[in-house]
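Asks: Got a structure for you, questions after.
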Amino acid sequence: MSNKAPFKADHVGSLLRPDNLHEARKDFKENKITAEQLREVETSEIKRIVDKQIEVGLEAVTDGEFRRTWWHLDFLEHLNGIEGYVPEKGYAFDGVETEKYDVRNTDKISFNPDHPFVKDFIEFNEIVGGRAVAKQTIPSPNQLFNKGIRNETVYPDIEEYANDIIKAYQDALKSFYDNGVRYIQLDDVYIAGLSSPDIPFNDGATSRDDLINLALRVINGVLEGKPDDLTVTTHLCRGNYQSTWAFEGSYAHIAPTLLAKEKVDGFFLEYDDDRSGDFKPLDHIPNGGAQVVLGVVTSKNGELEDKEAIKARIREASEYVPLEQLALSPQCGFASTHHGNKLTEEQQWDKLKFIVDTAKEVWG
């Protein structure tokens, strides 16, 4: 199988938080333990799940996002010019409102050289110790274009806002690279949302086409001048919170622009149910271009897929993208937020092992 990321058997990143980590978080909030004690629990659990990922056969491993609460907000609120806050409402998901927390723009945006994620990666990479590729996941810069984040007093012009975000993320990529990151994934619910019939989290002030073109310019701007040996992928997701989702719609609207022209090394695409539409938009992926990691195995429930059915799905996708350009993963993480999806940890590992075994049978 390929020895370059994204791997033929890969995964999106987040893993279910174990009970003792939930308890430590709660104890920390109630001032029963110190930040150092909480960190010790996190570190010990990260060591355990790194070993477990290697054991099931994954070539790229993550820290499970065990030091964060949310897949995106923890990273964004540590950028200069962005703060976390508690809004009146959470995000609207299918049949559920999420826990209330969000970020907003308070000042000019730039990368914080003391960003805690950099220190976290250095420690994580030491734990991995070269036994696998240490993968870093961060939210896409486009998440900052969601409704209600930009402060129009600070940034009356969206172009100036976009330019500062591009620069902040270029600096972030450089900092991660200088500290040993060689595989980074940008998680992007925003871009997937631009394909949805009703664009979610959007103020309606700008046309869909203009938003799609801006999203492409932001990602490609961030990637300008990136080192050749840094693999950058994008994961396009329709929302993942306690096994629910935020919106539906195929990738058709964004495929001619974003799938065709985004200069990433790979796309992690959600294809685990009917909400995702068919594989036809993959026609727009340039031949020999980005790898397409098919998220045909769901992380939203614990039931193990049928191997022959998954192989059939991969064959179907190969009508649009050559087989050697395809790979396999879950459609999303198992715990995009600290709450986690509705399955057991044992089921999570079974799914990841299933992906590794299936990939070996398909790609050899």
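Asks: Just the number, please: percent antiparallel of the DSSP beta bridges in the chain, rounded to the nearest 5.
Replies: So the antiparallel bridges amount to about 25 percent of the total.
Asks: How big is the dipole moment of the chain about its Cα centre under a simple scheme where the beta carbon of each Lys and Arg is +1, that of each Asp and Glu is -1, and everything else is neutral? Debye, nearest 20, please.
Replies: With Lys and Arg at +1 and Asp and Glu at -1, about 360 debye.
Asks: Please report the spacing between the Cα centers of segment 188-237 and segment 149-180 in Å, no decimals.
Replies: 14 Å
Asks: OK, next. Which of Ser329, Trp349, Phe121 sits closest to the plus end of the dipole of segment 19-363, meaning its Cα is farthest towards the positive end, when Lys and Arg get +1 and Asp and Glu get -1 on the C-beta?
Replies: Phe121
Asks: With no solvent and one point on each alpha carbon, what is the Debye value of log10 I(q)/I(0) for the chain at q = 0.12, 0.13 Å⁻¹?
Replies: Reported log10 I(q)/I(0), two decimals: -0.86, -1.04.
Asks: Lys/Arg Cβ at +1, Asp/Glu Cβ at -1, dipole of the chain taken about the Cα centre: which of Asn105, Pro141, Val50 is farthest positive-ward?
Replies: Val50
Asks: Please check the chain for the longest run free of GluC sites (Glu not before Pro) that are loop-located per DSSP (anything but H, G, I, E, B) and have at most 12 other Cβ atoms within 10 Å.
Replies: Formally, the longest exposed-site-free interval is 225-302.
Asks: Going through segment 36-134, which trypsin sites (Lys or Arg not before Pro) have at most 16 other Cβ atoms within 10 Å and a DSSP loop state?
Replies: Lys89, Lys100, Arg131
Asks: For Asp187, enumerate residues with amide H under 5 Å from its amide H, sequence gap 5+ or separate chain, H modeled in the peptide plane.
Replies: Amide H neighbours of Asp187: Ile138, Ser140, His235.
Any read-out appearing in this document is the output of simple, stated calculations on the displayed coordinates, not a laboratory observation. Owing to the predicted nature of the structure, the values given are computational and were not obtained by experimental measurement. Every residue, glycine as well, gets a Cβ built from its backbone with ideal geometry; the counts of neighbours run over all protein chains shown.
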